[in-house]
1. Residue by residue through the stretch A:162-177, which ³J(HN,Hα) values in whole Hz follow from phi under the Karplus form 6.51 cos²θ - 1.76 cosθ + 1.60 (θ = phi - 60°), with glycine and proline marked x?
2. Residue separation times 0.36 nm, minus the C-alpha to C-alpha distance between B:D27 and B:D8: what's the value?
3. Mind jotting down the distance between the C-alpha centroids of the stretch B:85-158 and the stretch A:186-231, whole Å?
4. Among A:T117, B:G232, A:V85, flag the residue with its Cα farthest along the positive direction of the charge dipole of the protein assembly as shown, charges on Cβ as +1 for Lys/Arg and -1 for Asp/Glu.
5. Which of the aspartates and glutamates could a cross-linker span from B:K153 if the Cα-Cα distance has to be under 14 Å and same-chain partners fewer than 8 positions apart are dropped?
6. Near A:A177, within a Cβ-to-Cβ distance under 11 Å, what is the net charge of the other residues, with Lys and Arg +1 and Asp and Glu -1?
7. Skipping prolines and chain starts, which residues have an amide H placed within reach, meaning under 5 Å, of the one on B:E34, given they are 5 or more residues away or on another chain?
8. Would you mind calculating the relative contact order of chain B from Cα pairs under 8 angstrom and at least 6 residues apart, reporting the percent as a whole number?
Amino acid sequence: MAASSLPSQPSPPTGTTDLTTQPSTLASELFAPGVGAQAGPPTTPAEGTGTAGQATPGAHSHGGPAPTGSPAERFTSTDPDAFGVPTGREETWRFTPMKRVGLLLNGAASDAHLTWTSDLPEGVELTSVEAGDPLLKGLPEPADRLAALTRQRSGGAAVVRVPQEAQLDRPVVLGLAGTGGDDVVWGQLVIEVGAFAKATVVLDHTGLARYSGGVSVLVGDSAQVTLVSVQDWAPGALHGGQYDAVVGRDATFKQVVVTLGGDLVRLVSNVQYTGPGGTAELFGVYFADETQHQEHRLWVDHAVPNCRSNVLYKGALQGEEARTVWIGDVRIRPTATGTETYELNRNLVLTDGARADSVPNLEIETGEIVGAGHASATGRFDDEQLFYLCSRGIDAETARRLVVRGFFADVVQHIGIDALQDRLMRTIETRLGALPGLEEQEVPA
Amino acid sequence: MSVLEIRDLHVTVGEGDDAKEILRGVDLTVRSGETHAIMGPNGSGKSTLAYSIAGHPKYTITGGTVTLDGEDVLAMTVDERARAGLFLAMQYPVEVPGVSVSNFLRTAATAIKGEAPKLRTWVKDVKTEMAGLEMDPAFAERNVNEGFSGGEKKRHEILQMRLLKPKVAILDETDSGLDVDALRIVSEGVNRTREEGDVGVLLITHYTRILKYIKPDFVHVFVAGRVVDEGGPELAAKLEDEGYAAYVKDSNEQASAEKAASEVVTA
């Protein structure tokens, strides 16, 4: 694909960020009774696991025969035909609206592309490689037909290179804007960060497109990489993508996925570790309105010792046929002693007619781990919280917005870029309706 | 000068056949500048009275009236009651994750006053009041009631009362779960509000302990959903010595007599 590097203004000066959540929120959730560190297969069921709106029996497993059918060993291939054509009955597709995703799956090869804008700090290289380049052969393989089609049809890849030991003075920002059109845009991006480097890369998806884009992040030994992927698409957009992170020895990879726009977004995020001591933190927020389908599937594969993973995804839904799916698969292989992992998914169902599916899967094949746990809860706006806030004179609508805003801010703050955080919170607030009279909200302590 | 008038208030909890009458004809008048203690055994309906006045949806008003300066409180939504000047310090304040104390307080003050308070004076006011309640400034950036100790929750309730300046404040077992220091700090906060303004206070408690710090003008003994005895501070002293046993016994006898009478009627 043609990757054009366009100069653009650096990020505007950071304004006051209005995120009020304390780290204690996370800590209290992580260390709640009944979850958290335990050796061997956990026996404590996560509270409130499952689905709101419509029950999905057995949507929960602790190793053993997984009723969701998530296989312990996942099939991958660069050949689309090796997967067959999905019918919607397959485990990986059973939550996805096949008619809509069919517009991607059945899309022809095309030379349509997104409009790229980039802000590259000094030392960062944006280039491209042709199909058949050795770099592409070494990437984690596609895990479903759409990802395989994407790898095949993208005809090479755009590559962001951060040299080893680089300390970037600002984030790498790639604006990927859809320009409309029915042709599917096929894309592949490789982000290669050298050893001991520290970098943040933002993928900012906007506009209208049918886009299937693979993203592979190669995190060098002891590097610290943050990948932020914002799906702020216009209504009608379709976006499928497989995100792979290959985490080096003692490296830290943080991914923050923010899905707000588009008609259908289906992202599959995978993490693998190439050496001991790696850390992966996967954060996500999603907000589905009427008829939006937002699906986030995670696969963290612990195959080497002494690595950590932490997953926190939060979503809110409002309106008829708003639909979210969260699948969190974590596997701890026999060789992955000393693993520490935790995953948490929370969904807030704001109106009738919306449906959230939440399926955590933890497969533990060694007892010699530091801890493994998961929790999933899907609920409605809490009546007691509402009463408490209203009893202080706050009207019900404002109270609801206040709580939902806090719910999202808890995750958005992990991005660490004030200007982007502010923009996303503003977008969320617009979706919730404006909070009256709270422009000067921040009160310095 | 404000007056909260409760007349023949009947309240049930539960629906249909499961509905249970908790308040059985409560009469009470609280005027500005007055402090009323409502004392009674567990399960007598004290908290139900507090939550019914505040408008908790769990409770159904089946009879009687509640007015604040002649306005029908029962016709108001929960937030309208607060804006009309009622405040309830809760026995079990609710955690609101993701919403900081500072954000919450300012949002509430904006709602009550009808406009956002001036930032500079507001920050100063919050600081002053927090210092008065011996609260760490870092408290303002924590999430509402999340991970608060029992004492911190009660101080936070009184902080809100101080900042929102209600006409009538109902304190529901604010003394429960407090150690002596916290009880003193919280009581001093309530007393400052009483000294400064024309607030009416309805102090709901099981024990006489808090009345050593907050001196009531009137004491009402609350048993089985109604006021069964009224007096001045001396009544609290009597309860301290004798407990509720005599009242509860009377109430039981009366309840069985009423039950027998109703059975005669239905038979």
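Coordinate-derived values only; no laboratory data. No experiment lies behind these values; they were computed from the predicted model shown. With ideal geometry, Cβ positions are generated from the backbone for all residues, glycine too; neighbour counts draw on all protein chains shown.
1. 10, x, 5, 6, 5, 10, 6, 7, 7, x, 7, 10, 10, x, 10, 10
2. Working: separation 19, 0.36 × 19 = 6.84 nm, distance 0.53 nm.
Residue separation times 0.36 nm, minus the Cα-Cα distance, leaves 6.3 nm.
3. One Cα centre to the other: 41 Å.
4. Farthest along the dipole direction, towards plus: A:T117.
5. In chain and number order, the partners are B:E95, B:E134, B:D136, B:D172, B:E173, B:D175, B:D179.
6. Details: positive: none; negative: A:D204, A:D232.
After counting each charged neighbour, the total is -2.
7. B:V201
8. Values: 470 pairs, mean separation 69.9, N = 267.
Once normalised by length, the contact order is 26 percent.
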